[in-house]
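A single structure is presented below for examination.
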């Protein structure tokens, strides 16, 4: 079997197409969650904590000097990214849970 024929069979399989659609939707969803965390959730939390902007929270390891930029640990950005991850992971968990529930319901109706 030729490589092109094998690739064509792979590309038109339902699983490959479903995976590609999932990746595209997941990437778009990730951008939405990043905006939700950075633009909606974190500003009020920062305000409650005394006007803290999490994006700017960092520890300077080495100050900038002539010709070299400062070296920092950007822990505020890490906090934003961790919250992004938790929201995306929870949403994926809920989707998988819903799909599994629908599969169980379908299996019960198929056996009747």
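Just so you know, all these numbers are worked out from the coordinates, no wet-lab data involved. Computed from a predicted structure; not experimentally measured. A quick note on method: Cβ atoms are made from the backbone with ideal geometry, for glycine too, and the neighbour counts reach across all protein chains shown.
Could you state the number of Å between the C-alpha centres of the stretch 82-111 and the stretch 34-62?
Centre-to-centre (Cα) distance: 31 Å.
Still on this model: Can you give the angle from 0 to 90° between the axis of helix 3-12 and the longest principal axis of the chain, with both taken from C-alpha atoms, to the nearest 10?
Approximately 90 degrees, to the nearest ten.
Multiplying the sequence separation of residue 12 and residue 75 by 0.36 nm and subtracting their Cα-Cα distance, what value in nm do you get?
18.3 nm
Among rounded, prolate and oblate, which fits the stretch 3-111 when a ≥ b ≥ c are the square roots of the eigenvalues of its C-alpha gyration tensor, a/c under 1.5 means rounded, and a/b larger than b/c means prolate?
It is oblate, given that a/c is not under 1.5 and a/b is not larger than b/c.
Full-extension gain between residue 55 and residue 95, please, as 0.36 nm times their residue separation minus the C-alpha to C-alpha distance.
Numbers: separation 40, 0.36 × 40 = 14.40 nm, distance 2.99 nm.
My answer for the length gained is 11.4 nm.
Here is a follow-up. Could you check the spin-label model distance between residue 85 and residue 109? Points 7 Å from the Cα along Cα→Cβ, value in nm.
3.9
Hey, fewest Cβ within 10 Å first, where do 53, 84 land in order? Mind showing how you got there, number by number?
Working: 53 11, 84 19.
In increasing order of surrounding Cβ atoms, one gets 53, 84.
Another question, if that's okay. Contact order normalised by length for the stretch 3-111, with contacts defined as Cα pairs under 8 Å and 6 or more residues apart; what percent is it? Working shown, then result.
Details: 60 pairs, mean separation 20.9, N = 109.
About 19 percent, as a whole number.
Okay, next question. Return one number: the angle in degrees, 0 to 90 and rounded to the nearest 10, between the long axis of the Cα atoms of helix 75-111 and the longest principal axis of the Cα atoms of the chain.
It works out to around 20 degrees.
Taking Cα atoms, how many degrees apart are the long axis of helix 14-35 and the longest axis of the chain, rounded to 10 and kept between 0 and 90?
For 14-35 against the chain, the angle is about 20 degrees.
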